[in-house]
Amino acid sequence: MKIIGFLIKKILVDVKEGKRDNLDVKSNLNLDDVKEGKVALTKQPSILINFNFFVDYSPDIARIEIKGHLILLDDENKKEEIMTLWKQRQLPEEIKLPILNYILEKCNVKALQFEEELGLPLHLPLPKISQQKLKTQPQKEEKSDSKSKKSTSYTG
């Protein structure tokens, strides 16, 4: 399986006035449809996966919605397996996780950009640098003429 395309078809950002106390922020990703497709540059069978990603700020404060599709290339046997399983609204596990992770990676970055621009709380916690007491350990004497290097570590 190769992901050869990612296209966003619709972005909706709706922010309403109101108190922003006690917000409940939820995000979700839905795979809406899986279809056979054709890519002009190759004779390999392609598959279009339509998705809908959204972040909801409750109670009815804001909503970010991103719709689009992903284009996959695979062999004919795998394509038939995917299309058969999709009739039960399922996908093979070996492609489901990489697809979901790829879509989440792309959509989360877009959603974070809009949240930052519109002053909304971020739906994902970002890593933060915290100061820790560094333990001083006795350094071993080096026989070389070079100066000792000190390092500082941060955890996020």
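Every number here is computed from the coordinates shown, using simple stated rules; none is lab data. This structure is a prediction, so every number in the text was calculated from the model and none was measured. Every residue, glycine as well, gets a Cβ built from its backbone with ideal geometry; the counts of neighbours run over all protein chains shown.
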Whole-number Å³ per residue for the convex hull built on Cα positions in region 2-118: 109 Å³
Below 21 Å Cα-Cα, how many Lys pairs turn up in region 1-51? Only count pairs eight or more apart in sequence, or on different chains, if you could. 9
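Cut-off is 10 Å between beta-carbons; in what order do Arg20, Arg63, Arg89 appear when sorted fewest neighbours first?
Listed from fewest to most nearby Cβ atoms, that is Arg89, Arg20, Arg63.
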Could you work out how far the C-alpha centroid of region 118-133 sits from that of region 90-115, in angstrom? 21 Å
Among His69, His123, rank each residue by its count of other Cβ atoms within 10 Å, from fewest to most, as a rough exposure measure. His123, His69
